[in-house]
Amino acid sequence: MGATITTNASAADQGIAGKGYVHPEVLVSTAWLAEHLDDPSIRIIESDEDVLLYDTGHIPGAQKVDWHQDLNDPVLRDYVSSEQFEKLLREKGIDENTTVVFYGDKNNWWAAYAFWVFQLFGFTNAKLLDGGRVKWEQEGRAFNTEVPRLQTTNYKAPKRSDEKIRAFFQQVREHSSAGKPLIDVRSPEEYTGQRTHMPDYPQEGTLRGGHIKGARSVPWARAANPDGSFKDAASLRAIYEQEKGLKKSDDIVAYCRIGERSSHTWFVLTYLLGYDRVRNYDGSWTEWGNAVRAPIEKGPEK
């Protein structure tokens, strides 16, 4: 059930190749991107939690994708239609021959989310910038405020397919009842039920605190280094396999609050560790914590 990887850009650069990932070609280093800013086959997309951050300065040539306005349906609790996705990519100068490099703030938190949504539409010619905006900035690399004007394309979006990488409420309930692996990537306080939201963030309407029955706690940011880059494969395996007992053959569901943090973990397990069956439950705790008779657990991991 893993995502298929295709790419038209060159294979993994040397800054990524030594980290031991199963699919190193899905990441690029800051050095690699700096050398390819003028490559006409590449489109750079910034997607941030702070939707105003792009306007203060961005990687030269980067375009903005607003996770809320561009990727989510304004009425239905779902993602945009194929027609809306097609319009978005055409306006960004993207088609099947374009390699899209995503980056953003918060250790690529929302960049991974945008990457995941693109996968729902079968757009697999995509990569993440290892370290995202934080690493690029720490290295003193260039930012500007120019918004690129690119020629529109004739991109044709396929029908969106959720089956392989997205999980829904009833599927997660059956998954939990069967004792299959669930990974809760929220903060420890959210997992135990001490909080119903992230520290320093507003309460978003969840009525109950706790976690889905049987879920294991692996806060999403454990997969990242201080500079925002992903930890190497050996360090990731120490967390997910040696500590939590996951196996590559497992059928895994990851969740958080609305699916944004868990898309980061989905990316780690699917691409960096090469797991075949990982789904993101984007309904996550805002759905589960409010659902009538949805079983929950409180307290530390058992």
So Val147 fits all but one of (1) farther than 26 Å from Asp50 by Cα; (2) open to solvent by 60 Å² or more (accessible area, probe 1.4 Å); what number is the exception?
(1)
So Arg166, is it surrounded by 14 or more Cβ atoms within 10 Å (Cβ to Cβ), of a type in the set (Lys, Arg) and over 23 Å from Val80 (Cβ atoms):
no
Sort through Gly259, Gly283, Gly299, Gly228 and tell me the only one that's touching a residue at least 24 places away in the same chain (Cβ under 8 Å), of a type in the set (Gly, Ala, Ser), more than 20 Å from Ala126 (Cβ to Cβ) and crowded, with 16+ Cβ neighbours inside 10 Å.
Gly283
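Per-residue answers, yes or no, for (1) without any contact (Cβ under 8 Å) to a residue 40 or more places away in the chain; (2) open to solvent by 20 Å² or more (accessible area, probe 1.4 Å); (3) not acidic (Asp, Glu):
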| position | (1), (2), (3) |
| --- | --- |
| Asp48 | no, no, no |
| Asp78 | yes, yes, no |
| Lys92 | no, yes, yes |
| Asp95 | no, yes, no |
| Thr99 | no, no, yes |
| Asp105 | no, no, no |
| Trp109 | no, no, yes |
So Ser176 fits all but one of (1) among the small types (Gly, Ala, Ser); (2) in a loop (DSSP other than H, G, I, E, B); (3) open to solvent by 10 Å² or more (accessible area, probe 1.4 Å); what number is the exception?
(2)
Look at Glu190 and say whether it is acidic (Asp, Glu) and surrounded by fewer than 15 Cβ atoms within 10 Å (Cβ to Cβ).
no
Take Glu189 and decide whether it is in a helix (DSSP H, G or I), of a type outside the set (Lys, Arg), modelled with pLDDT under 95 and closer than 20 Å to Glu287 by Cα.
yes
Qualifying residues in the range 50-74 (those that are more than 15 Å from the chain's Cα centre (by Cα) and outside any loop (DSSP other than H, G, I, E, B)) - the one surrounded by the most Cβ atoms within 10 Å (Cβ to Cβ):
Ala62
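The values are calculated or read from the model by the stated rules, or taken from the named source; none is laboratory data. None of these values were measured; they are calculated from a predicted model. With ideal geometry, Cβ positions are generated from the backbone for all residues, glycine too; neighbour counts draw on all protein chains shown. Please note that ligands, DNA and RNA were not included when accessible areas were found on the heavy atoms of the full protein model with its side chains. Shrake-Rupley method; radii C 1.70, N 1.55, O 1.52, S 1.80 Å.
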